[in-house]
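These notes are about the structure you will find just below.
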Amino acid sequence: MSHLTDASQTITIPCKHLKYLKKALAKNCPELEFMDGQNEYRTWKSDHGKMVGDWPITEGMSDEDIGKNADHVIRMTDEALTQKGKARNQHGAPYEIGLIRCRMEKQPDGSEKAVIDKEGDHWILLTDFYGQASGLMNTPGLGKYYSTKDENGKRVDHSFELLYQSFVQEVTEGTAKKKGDHIPKWSSKALKQLEKDTGQKVKNVSKDGKWAKLEDDSIVGVVEQKHGDAVKNQVV
C-alpha cells in the first residue's frame, strides 16, 4: 500500500516563511533535518517503481511527479538512522517529506485552499504516510498521521501537527519581535481565565511560559500589540 498526505488540509497558516519552519524543525525534531534544494523524496514508489494506486493522488500532481517534485526535503538524519539500525538506501528505511510549492486560492466560503503551482509562494508538506511514512512520522516533534470525519461524514486528514504548532509559534514570535510587540508569560490568573473562556483544561505550559496547551492539543499565546500608548491583547 502507499498513500500520500499533505498538511494543507489541516493547517490555518500556510507554510510561507521557510526560515521559521527550519527553526521549528531544528528546535523540536532532533531526528530530522532540512535539505535545501533537494528535489527527490522517498516514498513507496522509490522501492517498487510505482504507487499501488489504492489512494487518490494529491490534486495537481501526476504519477510522474510523486517523489520528484519537491523544492526542499525533510528527512531523518544519518545519525538517527544508524541508531535505529537502518540505512538510507535500505528497503524499509523511513520515507521522506517533500516541500511542494503552491499558491493559496480563495474559496467561496472565504477560506483558502493550497493549490500546487510551481510559481506559488507557499509550500505544502507531502509524504507517503503508509506505516506512518515507514516510521518517519513517529519521530519526536513531527506528528503522526490520523484521520477524523467532519460534520458531513467527510474524511479529514491530519499530519505534521506537532511541527506545525512549533512553526506557528516561531512565526508569531518572529512577527511580534519585528513589530516591537510582546508575548508575555501566562500568569496563574490568566490561565484560569483561559480555561473559563475555552471550556478546556490547560494540560501544560511551555518552558518559557508563553504558550499554553489545551486539552484538544491546541497551543495558545497572547500577543500584546502596542499602538501608541495602548496595549491590545490578541489570542493566537
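The values are calculated or read from the model by the stated rules, or taken from the named source; none is laboratory data. Quantities reported herein were computed from a predicted structural model and do not represent experimental measurements. So basically every Cβ, Gly included, is an ideal-geometry build from the backbone, and we count neighbours across all protein chains shown.
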message: Looking at (1) of a type outside the set (S, T, Y); (2) free of Cβ contacts under 8 Å to residues at least 24 places away in the same chain; (3) surrounded by 23 or more Cβ atoms within 10 Å (Cβ to Cβ), which one does K154 not meet, given that it meets all the others?
response: (3)
- prompt: In the stretch 84-99, is there at least one residue being within 15 Å of F34 (Cα to Cα), assigned by TED's automatic domain parsing to the domain that holds G135 and among the charged types (D, E, K, R)?
  reply: yes
message: Against the conditions (1) surrounded by fewer than 22 Cβ atoms within 10 Å (Cβ to Cβ); (2) in contact with a strand residue (DSSP E or B) (Cβ under 9 Å, 6 or more places away or on another chain); (3) among the small types (G, A, S), where does A114 fall short? Just the number, please.
response: (1)
query: Taking the stretch 104-119, which residues are in a strand (DSSP E or B) and farther than 22 Å from Q38 by Cβ?
result: M104, E105, K106, E112, K113, V115
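For D121, state whether it is surrounded by 19 or more Cβ atoms within 10 Å (Cβ to Cβ), assigned by TED's automatic domain parsing to the domain that holds L18, modelled with pLDDT of 85 or more and not aromatic (F, W, Y). Before the answer, list the steps.
On the way: surrounded by 19 or more Cβ atoms within 10 Å (Cβ to Cβ): no; assigned by TED's automatic domain parsing to the domain that holds L18: yes; modelled with pLDDT of 85 or more: yes; not aromatic (F, W, Y): yes.
Considered against the rule, which asks whether it is surrounded by 19 or more Cβ atoms within 10 Å (Cβ to Cβ), assigned by TED's automatic domain parsing to the domain that holds L18, modelled with pLDDT of 85 or more and not aromatic (F, W, Y), D121 comes out as no.
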- request: Inspect the stretch 132-139 for any residue being part of a loop (DSSP other than H, G, I, E, B) and not hydrophobic (A, V, I, L, M, F, W, C) and give the result as yes or no.
  value: yes
query: Within the stretch 195-207, which residues are surrounded by 12 or more Cβ atoms within 10 Å (Cβ to Cβ) and either aromatic (F, W, Y) or in a loop (DSSP other than H, G, I, E, B) (or both)?
result: Q200, S206
Residue list for the stretch 84-103, filter: surrounded by fewer than 20 Cβ atoms within 10 Å (Cβ to Cβ) and assigned to a loop (DSSP other than H, G, I, E, B): K84, G85, K86, A87, R88, N89, Q90, H91, G92
